[in-house]
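Enquirer: Before we start, here is the structure in question, set down as C-alpha cells.
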Amino acid sequence: MDRQIRRLGIAFVALFGLLFAQVAYVQVIAADRIANEPANAPRQIKAEYAVERGQILASNRTTVLALSRPNPDPSSPYRYLRDYPKGELWGQLTGYYSRIYGRTGLEQAMNPYLSGTAPEFATQNLTDIILGRPKRGGTVITTLVPRVQAAARKALGSHQGAVVAIDPSDGDILAMYSNPGFDPNTLSSGTDQQIEKAWQTLIADPDKPLVSHAFQDLYLPGSTFKTITASAALENNWPADKTWKNPHHLELPQTDTHIENFGDELCAGGATTVTMEEAFTESCNVTFAEIGMALGADKMTAQAQAYGLCRIAPVEGQPAPCLNDTIPFVLPWQTGRFPEASYFDNNEPALARSSIGLDNDLLNPLHIALIASAIANGGTLYEPRLVTEVRDATTGQPITTFDPQDYSHPLTSNSAAELRQMMVNVVASGTGTLAQIPGVVVAGKTGTSANTNGPPNAWFTSFAPAGTSQTATIAVGVIVLDGGSLGNEATGGQVAAPIAKQVIESYLLRS
C-alpha cells in the first residue's frame, strides 16, 4: 500500500513538473515567438496592457518620466494606461507607448526590461507564476538631471532648435531637449479616435515634432567644425602658435570663387600672418580653409572619423549612407557625416569648404557635445549613455547595469590641453563672450551655418569648468534654427552662446 501511494505521489510531482515546465515555456521561453504571430496581435496588445509596465526615472530616482497607472474604467480591456507626468519635457526621449502606433524612444529601446520579458527576468517570472503574483516590469534609471533639462527648455524658449548636455567623464547625458517636441500622453491614452486624431496632427505638422533636432536630424555645423580641423592640425604636430598667411580672401583653385571671413572682415586686424590660435578665437574662415587644404584629405577624414563621424561618398541630390561603424547609442540616432578622402581628389575647393564646416559636413547637437566632451576629457570620447541600470520594481535590487564605454581617443592629452586653451580664449575674448560666467572658466566655440531654408542656423559648443587644473563636468551643444529671433543677423555667439551659459549655470551653480 505504501509503495502504491509513493508511486502515486511521484506521478503527481512529475505531472506538476510538466505543467510548470509547459507554463514556463509558453510564458518565458517561447513568449516572443508566440507574441509575434500576426493572429495573436490583438490578444498580445491586451496582454501587454495587463502588465504593470516599469517606470522610467531620472538620475535622482525620484522624478518620474513614465509610469503605468490602473485604468479607471473597469470595463476596459486595458488594465493599465501609460502616463507621462511631464509630457513634452521628456517626450522625445521616453518616446510613446501606444496601443495603436506601437513604441518609440526608451519605451522601445528598453521594452524587454520595462515589460519584464528580458532574459534577466526569467527566474522572477517563473517565481511569479508559481506564487500567482502579478507580473511587473523593471524600473529603468536614466542619466537625466531634471533641473538641467528644465533649464535647457527655458533657455531655448520659443526658438526652434535643441540643447544637449553631457558629463565628459563618462558620456552621461544630463539633458537633451528639442523644440518643438510632443506630449506622448496624446498617443498613449484616450479613445482610439482621440489617439488617431493626435497622430494625424503630429505627422501633418511641418515642424516635425516627432523628430528630435538634438540627435535625429543633421545640419551643416559651420565654424564649430573648426574644433575638428584644429584637432587634426595639433595631432599632426602643428602647434597653436604656428603662423599662417592672412589674405583678405582665399581664392579657391579650379574656380572663380573665394572663401571669406564672416562679414568679410579681416582676420587679426589685417596683419600679414595669423596664428591658428588667433584665427580660432576670431573664427577666421580663410585661415582654417588654408589649414584644411594643407593637411590634406586623408588627415582631415581620419580626424573626423576618430571623432565618430561616419565617412560618406556624397552623391548630389541623394542621401549618403555611412561607410563605417558609428558611435553606439541606446536610441536610433544620426551620427555626424564627413566625406571619404577620395571625394576630395582633384577637388581642393570642397576640402577648403569642409574644413570650415560646409560642403557635405553634417552634425547635430549630440555629436558636437560629444566632440567637446572629448576635448574637455583629455582626449577620450565616451559613448553617449542614457540608461545606467534597471532595477526590480518590487525589491529595488539591480537587475542589470550599463557601464560607461569609451569609444575612441581622437587626440592626445597634450593636443586636448592646447585646444582647451584655444576654446577658453573664444569665450574670454573672442566670438563667444556671451557665454562668460562670473567665477567659472568656460571654453567654447561658435558657429553660424548656411541654411537652404532661410536664415542661418546658430551653433555653440562648450564645456566647463575649463581652468588649466580643473576637471570639466558638463559639455553642451546648442543649435538654434533659422537664426532664432535675429533671423539673418544671427550668429552663434549672439544667439546660441547665452543658451549654453544658462544650461551650464543650472548644473554648476545650483543654489
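Enquirer: If you split all Cα-Cα distances of the stretch 323-391 into 10 Å bins from zero, what percentages do you get per bin, shortest first?
Expert: Distribution as computed: 17, 38, 32, 9, 3, 1 percent.
Enquirer: Suppose each label sits 7 Å from its Cα in the direction of the beta carbon; what would the Ser76-Asp345 distance come out to in nanometres?
Expert: Distance between label points: 6.2 nm.
Enquirer: Going by C-beta contacts inside 10 Å, put Leu370, Leu187 in order with the fewest on the left.
Expert: Ranking Leu370, Leu187 by Cβ neighbours within 10 Å, fewest first, gives Leu187, Leu370.
Enquirer: Let me ask something additional. For the stretch 268-317, restrict the atom set to alpha-carbon positions and state the Rg and Dmax in Å.
Expert: 14.1, 41
Enquirer: Quick check: convex hull over the Cα atoms of the stretch 189-239, volume per residue in Å³, rounded to an integer?
Expert: 94
Enquirer: Per DSSP H run of n ≥ 4, the term is -39500 (n - 2.57); total these for the chain, divide by its residue number, and report the mean residue ellipticity at 222 nm rounded to 500 deg cm²/dmol.
Expert: -10000 deg cm²/dmol
Enquirer: Where does the stretch 212-255 land on Rg(C-alpha)/(2.2 N^0.38 Å)?
Expert: With N residues counted in the stretch 212-255, Rg over 2.2 N^0.38 Å equals 1.64.
Enquirer: Taking the Cβ of each residue in Cys322, Cys310 as the centre, tally the other Cβ atoms inside 10 Å and list the residues starting with the fewest.
Expert: Exposure proxy ranking, most exposed first: Cys322, Cys310.
Enquirer: Using only the Cα atoms of the stretch 54-165, what are the Rg and Dmax in Å?
Expert: Taking only Cα atoms of the stretch 54-165, I get Rg and Dmax of 16.3, 55 Å.
Enquirer: Kindly provide the pair-distance distribution of the stretch 149-241 built from C-alpha pairs, with 10 Å bins from 0 and whole-percent values in order of increasing distance.
Expert: With a bin width of 10 Å, the distribution comes to 13, 29, 30, 17, 7, 4, 1.
Enquirer: D for the stretch 353-432, whole µm²/s, Stokes-Einstein with Kirkwood Rh over alpha-carbon pairs at 25 °C and 0.890 mPa s: what number?
Expert: Rounded to a whole number, D works out at 159 µm²/s.
Enquirer: Please compute the Kirkwood hydrodynamic radius over the stretch 292-368, one decimal place, Å, based on all pairs of different Cα atoms.
Expert: For the stretch 292-368, the Kirkwood estimate is 12.7 Å.
Enquirer: Taking the Cα centre of the chain as origin, sum charge times position over the Cβ atoms of Lys and Arg (+1) and Asp and Glu (-1), and report the length of that vector in debye to the nearest 20.
Expert: Charge dipole, the chain, about its Cα centre: 2560 debye, nearest 20.
Enquirer: Using R₀ = 25 Å, calculate the FRET efficiency as 1/(1 + (r/R₀)^6) where r is the Cβ-Cβ separation of Glu265 and Asn451; round to 0.05.
Expert: Step by step, r from the Cβ atoms, then E = 0.75.
Enquirer: Next question. Mind giving me the FRET efficiency for Ile45 and Ala122? R0 is 25 Å, r the Cβ-Cβ distance, nearest 0.05 is fine.
Expert: E(calc), rounded to 0.05, equals 0.60.
Enquirer: Here's something else I'd like to know. Estimate the FRET efficiency between Val64 and Leu508 by the formula 1/(1 + (r/R0)^6), using the beta-carbon distance for r and 35 Å for R0, to the nearest 0.05.
Expert: Computed FRET efficiency for Val64 and Leu508 comes out at 0.85.
Enquirer: So what's the stretch 289-442 giving for Cα Rg divided by 2.2 N^0.38 Å, two decimals?
Expert: 1.25
Enquirer: Moving on to the next point. Which order do Thr191, Thr287, Thr380 fall in if you start with the one that has the fewest other Cβ atoms within 10 Å?
Expert: Taking fewest neighbouring Cβ atoms as first place, the list is Thr191, Thr380, Thr287.
Enquirer: Let me ask another. Strictly over 25 Å apart at the Cα level, which of Lys135/Lys208; Lys46/Lys135; Lys154/Lys208; Lys154/Lys197 would you flag in this model?
Expert: Lys135/Lys208; Lys154/Lys197
Enquirer: Can I ask one more? Label the stretch 399-490 by shape, choosing from rounded, prolate and oblate, from the square roots a ≥ b ≥ c of the eigenvalues of the Cα gyration tensor; if a/c is under 1.5 it is rounded, and otherwise prolate applies when a/b is larger than b/c, oblate when it is not.
Expert: The shape class here is oblate.
Enquirer: In bins 10 Å wide, starting from 0, what share of all Cα pairs of the chain does each bin hold, as a percent?
Expert: P(r) over the chain, rounded to whole percents: 4, 18, 26, 21, 14, 9, 5, 2, 1, 0, 0, 0.
Enquirer: Right, here's the next one. Would you compute the Debye intensity of the stretch 233-325 from its alpha-carbon atoms alone, equal scatterers and no solvent, and pass along log10 I(q)/I(0) at q = 0.16, 0.21 Å⁻¹ to two decimals?
Expert: -0.79, -1.07
Enquirer: If the only charges are +1 at each Lys and Arg Cβ and -1 at each Asp and Glu Cβ, what is the size of the charge dipole of the stretch 184-339 around the Cα centre, to the nearest 20 debye?
Expert: Here the size comes out at about 420 debye.
Every number here is computed from the coordinates shown, using simple stated rules; none is lab data. A quick note: this is a predicted structure, and the numbers were derived from the prediction, not measured. Neighbour counts are summed over all protein chains in view; Cβ atoms, including those assigned to glycine, are modelled from backbone coordinates with ideal geometry.
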